[in-house]
Structures are given as C-alpha cells and as structure tokens.
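One structure below.
The values are calculated or read from the model by the stated rules, or taken from the named source; none is laboratory data. These numbers were taken from a predicted model, which means no experiment stands behind them. Note: ideal-geometry Cβ built from the backbone for every residue, glycine included; neighbour counts use all protein chains shown. For the accessible areas, the whole protein counts, side chains as well, though only heavy atoms, and no ligand, DNA or RNA atoms are used. Shrake-Rupley method; radii C 1.70, N 1.55, O 1.52, S 1.80 Å.
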Amino acid sequence: MDWQVYHKKRMPFLTIIFSLFAIIGTVAGDDEFTPAMADERVVFQTEYGDITFGFWPEVAPVTSAHIFKLARMGCYTSNHFFRVDKGFVAQISDVLGGRTIPMNDEQQNEASKTVPLEVVQGVKHHAGVLSMGRYDDPNSGASSFSVLLGDAPHLDMQYTAFAKVTEGMETLRKMEDLPTKREGIFVMPLKRVTILATYWYRINHPEPSLTMPDSHKCEDDLAELVLRFTSQAEELQRVRKKCLPV
C-alpha cells in the first residue's frame, strides 16, 4: 500500500485517540488553576524564622477575609504550630485554645465564627499552600489552618485552599527537622513552636483589597491598632513577671 494513502487513512483514527487522551486528562484534573494573590501579606514570626503568606480572595473570599481579620487583630500572637508532619503539613492550633495570652471580647467573638467550604476546580494542594482546618462538617472551619509541606492531592476539593507562602519555606523546613511524637493521627513537635509575633503589610497598591471600605478605614485601623498594642502589652507584662525580679 502506498504510504501516503495509508497515512491519510490512519490520521482520523489517531486524531480521535489524541482527543480522547486530552479529554481524559481534563477530567482527571490535569489542568491547574493558579489564583491571583491579593496585595496583603501576613507575617508570622517564630524562633526559626519568619513565614510570610498572601491570600487568594478569588478562590476563598470568606475564608481569606476571616483569617486576615484574625491576623490583623493579633489573634495568632502567642499561638503555636501544634502539628508538624514532615512532608505533609505544619498545622496551627485554633486560637481559642492555642494562645497563651488571654483574648479580649472582640478577639473571642471573631475567633468563634466559622467559615464555609470554598473550593475551585484546579486549585491544588502543593507545598506552601495554606489549607483551612475543619471537623467532619465541611463548613466548620474556624481559625486553625495548615501549611502544606508537600503535595497532598487527596485534600483537593475537600478542604479550602485560601493562601500561599511567599517567603519562609526555609523556616518550615527547619521545623520539619524537630523531634516529634505521634498522638493518634497527629505528628506533633516535642517542643512548642510558638508564633512569637505577627504583623501585616501591603504591596503594590495603596488601596486595600481585603480591608474595609474607605469610609470605615480610619475607624477600623484605629481599632486594630488598639488591639495590637493591648496584645503586645499583655505579652510584655507576662514576660516581665516571668523573667525580671519583683
């Protein structure tokens, strides 16, 4: 048979096969969606270094706004990473039970709120992604979340991925090397990994993308400042009583 004739007859069949592979790949979730990141950055300071992350409001608007507000209010200061499972996750405790500094009424009120499951097809759980913690109820996320230390595809579409580390993966790698113990499903560091302090800043644009409208901005900023200084003052008093002579 003439090769050109054979090739022409065979082409439709090959085209169908390649099309099927493309369809299967799409159904299997090979297409990955990279979300846009908001301009706000939150920094958690630990004795092993800083961890900085930015939010994905187009993927998880409710969760992003909630966690950002908790951070702005200083709720994560004195909290800790209760779980460090090498190659999987470093998980931050719920602030209502994980802080050593007492919370005021405003902080407790915000920390008691829950957020719904927010998922978008194609958003993957890779190293550096922040994923909301929850109980069996998909809509039970509160303030605990995990930072992925490796790929975890079984979490895709099951847990809310709402942010990603922009700086500080080397800090998390140091934490991975800490001695640990296992309690049930949790791998936990023997030494408490405390979030010593937190702060936030904005890049690129002067206008906020996750904060209050301009009409409420000054009032909101002042309230946050008061909360931040109150939190730091309480921590300073605690350390003073512990470390300085009476």
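Table for the structure above
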| quantity | calculated |
| --- | --- |
| Residues located in the stretch 32-43, provided they are farther than 17 Å from Arg202 by Cβ and buried (at least 18 other Cβ atoms within 10 Å of the Cβ) | Pro35 |
| In the stretch 46-76, the residues that are under 15 Å from the mean Cα position of the chain (by Cα) and either of a type in the set (Asp, Glu) or open to solvent by 60 Å² or more (accessible area, probe 1.4 Å) (or both) | Asp50, Glu58, Pro61, Val62, Lys69 |
